[in-house]
Amino acid sequence: LLDWSRYRDSIATLASDRLGREVRIAGPISLTLLPEPVLTADAVSLADAGDGIAIRAAQLRLRVGLGALAAGRIDAQELVLRGADVRVPWPFQPIRIAANAPAWFAAASVRVEDGRLSIGSVAFTAIQAVLTTDTWTGSYAAAGTVQFSARPWQFTARLTRAGHDGSAGLDLSLDGHGAVQGIGAKLTGQIRGDGTFGGQVVGRGPDLSRLLPAPAVPFTAEGRVSVAGGLVA
């Protein structure tokens with residue numbers, strides 16, 4: 001019986017603070033009270049922050065405190081992006097990584113449901129992940145599952161707070177499930193402020209033929225990785 005659209009600006013402002021980009025809500029807003037109060041906004045987009053990254057989501061959900069809502073305030077306890085579609089241009093553009101940890105992560109988390117990440121023509125789909133930030137170090141972290149090349153993977157990622165030179169450390173691990181059970185890789189290195197990357201990669205698995213047209217033999221591999229000017233070496 002109530003018009004929850006009056007919270008449109010409040011939800012957009014709160015979500016913008018949490019995601020670090022201006023949030024725009026084009027669709028309707030509704031409230032579900034049971035089993036817990038949740039505000040839902042449809043057709044959400046995040047403004048370009050100058051890095052060329054485009055982000056849209058079919059739905060944004062905020063789990064809120066009922067007492068605060070009754071008093072006309074939004075006390076967000078969890079933010080969920082469903083159907084998030086993130087498109088990153090290739091080659092990478094110069095990036096800006098926040099030097100300070102956002103305070104909101106201490107009280108709320110961001111969850112992604114059925115997300116998609118496209119880097120150039122490479123796509124990661126069916127992303128289910130939770131994003132957090134370490135209160136003390138300011139490192140951003142993500143953990144969850146993803147589909148790549150029609151195979152399921154579990155992943156963890158950590159991005160450190162940027163230093164004075166604009167560089168930040170990146171750690172990424174992948175572990176296969178199903179047909180790629182036992183296959184995994186770990187990438188460590190630094191993302192520089194100009195969008196380039198340098199680091200090390202290590203991989204291993206029980207059967208190389210599950211990944212490549214190759215003999216069915218166990219394998220290990222390691223080496224240096226660099227990304228610059230649209231090329232990965």
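The values are calculated or read from the model by the stated rules, or taken from the named source; none is laboratory data. It should be emphasised that the depicted structure is a prediction, and the values quoted were computed from it without experimental measurement. When we count neighbours, we look across all protein chains shown, and the Cβ atoms used for this are built from the backbone with ideal geometry, even at glycine. Surface accessibility is based on the protein's heavy atoms, side chains included, excluding ligands, DNA and RNA. Shrake-Rupley method; radii C 1.70, N 1.55, O 1.52, S 1.80 Å.
Leaving ligands, DNA and RNA out of it, rank Thr196, Thr220 by accessible area with a 1.4 Å probe, largest first.
Per-residue accessible area, sorted high to low, gives Thr220, Thr196.
Among Trp90, Val80, Thr145, which residue has its Cα furthest toward the positive end of the charge dipole of the chain, with +1 on Lys/Arg Cβ and -1 on Asp/Glu Cβ?
With unit charges placed on the Cβ atoms, the residue in question is Trp90.
Can you work out the PRE-style zone for Glu36? Point 7 Å along Cα to Cβ, and I want the residues of segment 77-94 with backbone N under 11 Å.
Residues 77-79 qualify, since their backbone N sits under 11 Å from the label point.
Distance from the Cα centre of segment 128-142 to that of segment 175-233, in angstrom?
23 Å
Mind checking the dipole of the chain: about its Cα centre, +1 per Lys or Arg Cβ, -1 per Asp or Glu Cβ, Debye to the nearest 20?
The calculation lands at about 160 debye.
Which of these, Ala142, Ala214, Ala123, has the largest mean-square fluctuation under a Gaussian network model of the chain (Cα springs below 10 Å)?
Ala214
Take every Cα pair under 8 Å in the chain that's 6+ residues apart, average their separations, divide by the length, and report that relative contact order as a whole percent.
10 percent
Here are labelled values, (1) 21.5; (2) 19.5; (3) 20.4, and one is the computed Kirkwood radius over Cα pairs in Å for what I pasted. Which one?
The value computed from this structure is option (2).
Taking 25 Å as R0, compute the FRET efficiency from the Cβ-Cβ separation of Ser118 and Ala49 and round it to 0.05.
It comes out at approximately 0.90.
Which of the trypsin sites (Lys or Arg not before Pro) found in segment 152-229 are loop residues per DSSP with 12 or fewer other Cβ atoms within 10 Å of their Cβ?
Sparse-neighbourhood loop trypsin sites (Lys or Arg not before Pro): none present.
Using helices alone, what [θ] at 222 nm do you get for the chain, with -39,500 (n - 2.57) per DSSP H run of 4 or more residues, divided over all residues and rounded to the nearest 500?
-2000 deg cm²/dmol
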